[in-house]
Structure formats: C-alpha cells, structure tokens
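Reading through the structure tokens given below for one structure.
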Amino acid sequence: MNTSSILLEQNNDIAHLILDRPPKNETDSHLFEELSRLANQVLPKLRVSGIICYGRGRHFSSGANVAELKKRVQGPPDKSSTEYLLHNISAIHALADLPYPVVAAIGGCCLGSGLELALACNYRIATKNAVMALPETQIGLMPGCGGTVRMSKLVGYSKAIELILTGKSLLADEALKIGLVDMVVSRKELLSAAEKLVRKIRLYTNGIEIGSN
Amino acid sequence: MKLIYAKDKNIGWITLSNPPSNALVHPAFEDLRTLKLFCADPDLLGIIIKGDGRHFCSGADLESLEALKKDPEIFAQALAQGKKLLEAVTFSTIPVVAMIHGSCLGAGLEIALSCHFRIASENAILGFPESSLGLMPGFGGTVLIQEPSMRKTAIDLIVSGRMVTGPEAFLLGIVDRTAPTFDLQEIAQSFLNSMVAKHPPRVIRAIMESIHNARRLSQKEALKREASLFLDLVKQSLGENP
C-alpha cells in the first residue's frame, strides 16, 4: 500500500495542497519526492486563483525525519546523498515560483523544513496555538531549504540570527508581531481565512502573474 | 580612539577606548585587517563591544572633525575606510553584541547599529546629534537605523537630533534588550551565550554567512549558497566521523 504523502485537491477556484502523513506530516523522502513532482510538473500548470497549503490533522509539519536523513548521509560516500538533498531543497524553492498566490495555513507545530515550506509560500496564516521554530542547530545543522534567507527577509537580520541560533519556539502572537505570520485566526477559521486571502490577492492582482518569492 | 581586544573563553571583547567619552578622533579608528582577524578567531563564538569606562562612545571628536573637514577628499576617504570597519562588524560570521552604557551618540550609535544586537542599560543615552551641528550621520547611520526600527523613528531621531534613553530605545526597536545598569554585562553575556554557547563555531559561522548572503546577494544566489553551506554541515555533523 503506497498512499500519497501529499494530496492535491480542488475546491472551486482554489487548490488545496495537503501534507497528509498525520499526525507529524514529516518532510521525509516520500513527501519530498511528491512535492518535487507536484511543484515542478503539476502546480505550475494549474489554472487556479491560488493555493492554500496545510497539514492534515493538528499540525502543519514537524519537519525532517532526522533518522532517515542520518541514514542517507551515512551511507556509502557517493554523490547520491548530495543529489537527494539538493533535490529536496529545490522542491521547496519551486513552491516559491508559482504564478499565483500560495498561502500557508498553519496549525499546531510548524518546525524546521516544515516552516521552510511555509516560508516559501507568499503568506502565512496561523492559529492562535500554532508553534513555529527552526531548531536545526539542535542537531548541528542549519536550515537548508531557504530558512536563513527567507526568515531574514521577513523578520530582519537580527531576529533571524537569534531565532536560528537559539532554535527557539515562537507562538503565534509573537510570530505575528515580528512579521513571520501575516494573520492569526481561530482553528475553525483557518482554512476559510486562507482561501479568503487567496481570493483577495487574486482580486487585487487581477490575474497579473506574481513574481518569485 | 583605539580598540582593545580581549578573549574570555569563547567570547571576544572589543573595548572602544578614548576615555572618558571614547570619542572618535579619526573615522578609520582601527586597521581593518586587525579587526577582521579578531572576528575570524577560530576560538570565538561571539563578540561583545563596549566602551571604556562610563560611556559607550559619544561620537566624533568635534575638534578633530573640524580639522578633517578642511580637506574634503581626505575626509571622504577617511569615512570610507571607517565604514569598512563597521561593515566588517556587520558581516562578521559570529554574532556581535553592542553593550551600551552611558552615551551612545552619533558615530557611537552608528557603531552600535553595525552590530547584530544592542543591549542598553537604563542609563544609556542614544541619539544622532549631528543635525544640531549642521551635519548628518556620515557613518551609515541613516541607512543602518532603518533595519531595526521604523522609518518614522529614523526620520524623527535624525532630523530632530533628540536623545532617547535605553528603555525608550527598546520601545522604538533600536535596541534588543535593556538592563539595569549594574546587570548590563551579565545580561549581555547571557544573551550572547544563549545564542552561541551550545554550538560549534562551524555551525554559527555557516548560519551567519548565509544570513549575510540574504542581504548582499541576489535571492537566487543566496539560496544556492545556503544549500551548499547546509550540505557541508550535513557532512560534518551527521556523516561518519572523519
């Protein structure tokens, strides 16, 4: 049985990109493979007003599967682990190049490469209890899917340094204050607020292609 | 004004020294290589900059300024050299914290703004008094101040020349933390350590470099380099022991 890690569903003029490996919705190799296919081959061709991206269940995503990552890297010293990682990284960046608004709807935990996925979106809406962090330094790593660059642009260089070096968790209200998220809503309103934002942007941009994030 | 360097375990200390005000007598107040070498010291995880004595730095020494101004070309060159020093601080690949006490004015504030973080004591006084002398901040201050605070704050402070206390500077976003005067050093150290103490230098330096790239390279190039820095860390931190 090989169910997808990501679902793409259409809801009228808005597509839903759903991370579908609850409860954690980890960004493991399956998810990255599917994300890469979707982001490079399917999503650019979609005729939609925009996309909302969220996790199935309580959480957006807990981030990478570290055990799996270690296994990949500690395998035979060939180029394949480098290629694997670069492939995953470019899947996230491909999300940032889509020609319509992409809004991340964040509930629960949104950590590490999960947060980097949300950062690649044009906007982020979070629930009141959402928790966000880039904790890669805890395992001697750094955000590699755009986290250092995109976080800096959103919250400023100093705040980005602090957040990434400490790996600390941010609650929704502080995330809003510093510009990491654009709106905080109740869990009930999360998806509808995200769709509303997509339509609003679409209305204002009147079909003009949005540039790369 | 000269720089005094010290190391306390993994934390580097740079003291701005021309007591009591630590005023700058010349914009190029240090040899660039010396400063860069200190920032690149492989033992260091972070740096704190402070003033010698009661004050952080009250800015340019006015008499010296008068003398320099007489030759605009030399003055321009001196400023350019000085700004390279501030740039070296900003692009240091370990975090630099300005520990601000007493006066932090004009070029002193510009030095503080070139740091990644600012911690100010309650008795700190910050501002850009240049306008009241018919001048403007010439050390990058007009640009630097817009990062942490809002543009209206920047315009207000620069045009009015008014001074703010440490706590007010915190409210305006110019400093990141305030501290009671007696606790300033402890708070600055623990703030810096909370960011760096647990990490090997290579992790800190990779992250800092990537964040710097976000401001000095194109988005595309910065992302490319981030991936490359990340791959290096993966090999070093997760790979088999070399």
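If you take the square roots of the eigenvalues of the alpha-carbon gyration tensor of region B:120-235 and sort them as a ≥ b ≥ c, do you get rounded (a/c under 1.5), prolate (a/b over b/c) or oblate?
Judged from the Cα gyration tensor, region B:120-235 comes out oblate (a/c at least 1.5, b/c at or above a/b).
Would you calculate a helix-derived [θ] at 222 nm for chain B, using -39,500 (n - 2.57) for each DSSP H run of n ≥ 4 and dividing by the full residue count, to the nearest 500?
Helices in chain B give a 222 nm mean residue ellipticity of -14000 deg cm²/dmol.
What order do you get for A:E9, A:E26 when you list them from fewest to most C-beta neighbours inside 10 Å?
Listing A:E9, A:E26 from fewest to most nearby Cβ atoms yields A:E9, A:E26.
Under the rule of at least 5 residues apart or a separate chain, name every residue whose amide H is placed under 5 Å from the amide H of B:V175.
Those qualifying (amide H under 5 Å, at least 5 residues apart or on another chain) are B:F170.
Label points 7 Å out from Cα along the Cβ direction at B:E73 and B:I155: separation in nm?
Each label point is offset 7 Å from its Cα along the Cβ direction, giving 3.8 nm.
Within 10 Å of each Cβ in B:83-89, how many Cβ atoms from other chains are there, averaged over the peptide?
0
Which of rounded, prolate or oblate describes the protein assembly as shown when judged by the alpha-carbon gyration tensor and an a/c cut-off of 1.5?
In terms of gyration-tensor shape, prolate.
If you rank B:C39, B:C57 by fewest surrounding Cβ atoms within 10 Å, what's the result?
B:C39, B:C57
For region B:176-181, in order, what is each residue's ³J(HN,Hα) by Karplus, 6.51 cos²θ - 1.76 cosθ + 1.60 with θ = phi - 60°, in whole Hz (x at glycine and Pro)?
Per-residue couplings from phi come out as 8, 8, 10, 8, x, 3 Hz.
Which pairs in the list A:K70/A:K168; B:K2/B:K70; A:K70/B:K36; A:K128/A:K153; A:K128/B:K198; B:K7/B:K198 are over 29 Å apart, alpha-carbon to alpha-carbon?
Violating the 29 Å Cα-Cα cut-off are A:K70/B:K36; A:K128/B:K198.
Classify region B:24-88 from the C-alpha gyration tensor, please: rounded if a/c falls under 1.5, else prolate or oblate depending on whether a/b exceeds b/c.
Because a/c hits 1.5 or more and a/b fails to exceed b/c, region B:24-88 counts as oblate.
Which ordering of B:F182, B:F191, B:F117, B:F75 is given by a fewest-first count of other beta-carbon atoms within 10 Å?
B:F182, B:F75, B:F191, B:F117
With an 8 Å cut-off on Cα pairs and a minimum separation of 6 or more residues, tell me the relative contact order of chain B in percent.
After rounding, I find 17 percent.
Note down the magnitude of the dipole of region A:1-118 about its Cα centre, charges +1 on Lys and Arg C-beta and -1 on Asp and Glu C-beta and zero elsewhere, to the nearest 20 debye.
Dipole size: approximately 140 debye.
Enter the mean number of other protein chain beta carbons within 10 Å of the beta carbon of each residue in B:215-224, as an integer.
4
Using the alpha-carbon atoms, what tilt in degrees (0 to 90, nearest 10) does helix B:72-90 show relative to the longest principal axis of chain B?
With rounding to tens, the tilt is 40 degrees.
Before rounding to the nearest 500, sum -39500 (n - 2.57) across all DSSP H runs of length at least 4 in chain A and divide by the residue total; then give [θ] at 222 nm in deg cm²/dmol.
-11500 deg cm²/dmol
Based only on the alpha carbon positions, what is the Kirkwood hydrodynamic radius of region A:58-213, in angstrom?
With all distinct Cα pairs of region A:58-213 included, I get 16.3 Å.
Cα centroids of region A:132-186 and region B:1-70: how far apart, whole angstrom?
If we compute the Cα centre of each part, the gap is 31 Å.
Name the residues whose placed amide hydrogens come within less than 5 Å of the amide hydrogen of B:I48, ignoring near sequence neighbours (fewer than 5 apart) on the same chain.
Amide H neighbours of B:I48, under 5 Å, 5+ apart: B:G12, B:W13, B:I14, B:V97.
Can you give the charge dipole size of region B:26-117 about its Cα centre, rounded to the nearest 20 debye, using +1 on the beta carbon of Lys and Arg and -1 on the beta carbon of Asp and Glu?
Once rounded to the nearest 20, the dipole reads 180 debye.
Rg(Cα) of region B:60-143 divided by 2.2 N^0.38 Å?
1.14
If you add up the charges near A:A15, with Lys and Arg at +1 and Asp and Glu at -1, over every other residue whose beta carbon is less than 10 angstrom from its beta carbon, what do you get?
Here the charged neighbours net out to -1.
Can you find, among A:V42, A:Y204, A:C53, the residue farthest towards the positive end of the dipole of chain A? Put +1 on the C-beta of Lys and Arg, -1 on that of Asp and Glu.
Value computed over the given set: A:Y204.
Give the residue from B:A179, B:P201, B:H26 lying farthest towards the positive end of the charge dipole for chain B; charges sit on Cβ (+1 for Lys and Arg, -1 for Asp and Glu) and the dipole is referred to the Cα centre.
With unit charges placed on the Cβ atoms, the residue in question is B:P201.
Using alpha-carbon pairs under 8 Å, 6+ residues apart, how would you state the relative contact order of region A:59-128 in percent?
That works out to 47 percent.
Just to check I understand the Karplus step: with θ = phi - 60° and J = 6.51 cos²θ - 1.76 cosθ + 1.60, what whole-Hz values come out for region A:44-50, glycine and proline as x?
These are the phi-based 3J(HN,Hα) values: x, 8, 5, 9, 9, 6, x Hz.
Relative to the Cα centre, what is the charge dipole magnitude of the protein assembly as shown, using +1 at the beta carbon of each Lys and Arg, -1 at the beta carbon of each Asp and Glu, and rounding to the nearest 20 debye?
Roughly 920 debye for the protein assembly as shown.
May I ask you to evaluate 6.51 cos²θ - 1.76 cosθ + 1.60, the Karplus curve with θ = phi - 60°, for each residue of region A:130-147 and list the ³J(HN,Hα) values in order in whole Hz, giving x for glycine and proline?
These are the phi-based 3J(HN,Hα) values: 5, 10, 10, 6, 10, x, 4, 5, 4, 10, x, 10, 9, x, x, 10, x, x Hz.
Collect residues whose amide H, placed 1.01 Å from N in the peptide plane, falls under 5 Å from the amide H of A:A130; neighbours closer than 5 in sequence don't count.
Residues meeting the amide H criterion: A:G108, A:A172.
Quick note: the coordinates plus some simple rules give every number you see, no bench work behind them. The structure presented is a predicted model; accordingly, all values stated were derived computationally and were not measured. Ideal geometry is used to build each Cβ from the backbone, glycine not excepted, and the neighbour counts take in all protein chains shown.
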